[in-house]
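Comments concern the structure below.
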């Protein structure tokens, strides 16, 4: 069933678990993700980031996302991840996305507030939820002494009050992409952010985070966790094993392998996030 992002996150926030948000770049990704959610009776978020448009155009992916959500026997939200402009967020809303994220984390604070506020007003006028980001989620690790890249506690409260967002992605040492080593998350900063703000918090760059850190995040305010790289790696690895061992490569068989890999990786994360049996 197609539902709103905020409904999923408020439930997760109240009951102490996180909902997985999975970047799906193909029909096989989507099918596997929904199968995992249905098998484990978990809510789920299907999402697409603007940087992924070249290989998964939003105009083509949106109908598949929405139809898969409507047909699912569990709650499914459809979300724009890392929208880079007001115009992209508007286009996603027009296509039927129930929630959008504007990513102004690399902008000066006041500019981030201004554009996020404009997107927020537009989204709420259309009954759409909004996520934003404050602090820098990098592509490489950060040390604890480089606190300037972490989300500032007092700035987070001001940002939320001025923009009216429904969820805030925070920077606590997490990274996008494939980790070369397990990241060191600043759980102490997360606890401060959670104590200061009652709204659902979001962890980006979930692929490769340790089980211990996932649990610490979930039990300290993280209600949405983004996963992209882990799915891509899982599918690529399974397809390679098939191609290396098969005498003759069959395309339909390969599609089934992609669905199965997506289902396996998503199921693993659903269990980690403690969202199974919540639907």
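Given the criterion farther than 25 Å from residue 15 by Cβ, out of contact with any strand residue (DSSP E or B) (no Cβ under 6 Å at 6 or more places or on another chain), at pLDDT 95 or above and buried (at least 18 other Cβ atoms within 10 Å of the Cβ), identify the matching residue among 92, 49, 62, 72.
Numbers: 92 fails: out of contact with any strand residue (DSSP E or B) (no Cβ under 6 Å at 6 or more places or on another chain); 49 fails: out of contact with any strand residue (DSSP E or B) (no Cβ under 6 Å at 6 or more places or on another chain); 72 fails: farther than 25 Å from residue 15 by Cβ.
Within the list 92, 49, 62, 72, the selection yields 62.
Looking at residue 169 and the list (1) in contact with a helix residue (DSSP H, G or I) (Cβ under 8 Å, 6 or more places away or on another chain); (2) under 17 Å from residue 82 (Cβ atoms); (3) at pLDDT 95 or above, which single condition is not satisfied?
Result: residue 169 fails condition (1) only.
Within region 77-88, is there a residue that is closer than 24 Å to residue 275 by Cβ, modelled with pLDDT of 95 or more, in contact with a strand residue (DSSP E or B) (Cβ under 7 Å, 6 or more places away or on another chain) and surrounded by fewer than 18 Cβ atoms within 10 Å (Cβ to Cβ)? Step through it out loud before you land on a result.
Taking region 77-88 first, the residues closer than 24 Å to residue 275 by Cβ are 77-82.
Next cut, modelled with pLDDT of 95 or more only: 77-82.
The next check asks that each one be in contact with a strand residue (DSSP E or B) (Cβ under 7 Å, 6 or more places away or on another chain); those that pass are 77-82.
Checking which are surrounded by fewer than 18 Cβ atoms within 10 Å (Cβ to Cβ) leaves us with none.
No, there is no match, as no residue in region 77-88 is closer than 24 Å to residue 275 by Cβ, modelled with pLDDT of 95 or more, in contact with a strand residue (DSSP E or B) (Cβ under 7 Å, 6 or more places away or on another chain) and surrounded by fewer than 18 Cβ atoms within 10 Å (Cβ to Cβ).
Looking only at helices (runs of 4 or more DSSP H) that fall completely inside region 178-279, which ones have 1 or more residues that are touching a residue at least 40 places away in the same chain (Cβ under 8 Å) and more than 28 Å from residue 15 (Cβ to Cβ)?
It comes to 229-245, 251-273.
Given the criteria within 26 Å of residue 236 (Cα to Cα) and without any contact (Cβ under 8 Å) to a residue 60 or more places away in the chain, does residue 92 qualify?
Answer is no for this residue.
If I ask for residues that are touching a strand residue (DSSP E or B) at 6+ places or on another chain (Cβ under 6 Å) and surrounded by fewer than 24 Cβ atoms within 10 Å (Cβ to Cβ), which ones from region 13-31 would you list?
Residue satisfying the conditions is 13 alone.
In region 32-46, which residue that is surrounded by fewer than 20 Cβ atoms within 10 Å (Cβ to Cβ) and in contact (Cβ under 8 Å) with a residue 60 or more places away in the chain is farthest from residue 259 (Cα to Cα)?
Selected residue: 41.
The values are calculated or read from the model by the stated rules, or taken from the named source; none is laboratory data. Just so it is clear, the model here is predicted, and its values are computed rather than measured. All Cβ positions, even for glycine, are placed from backbone atoms using ideal geometry, and neighbour counts span all protein chains on display.
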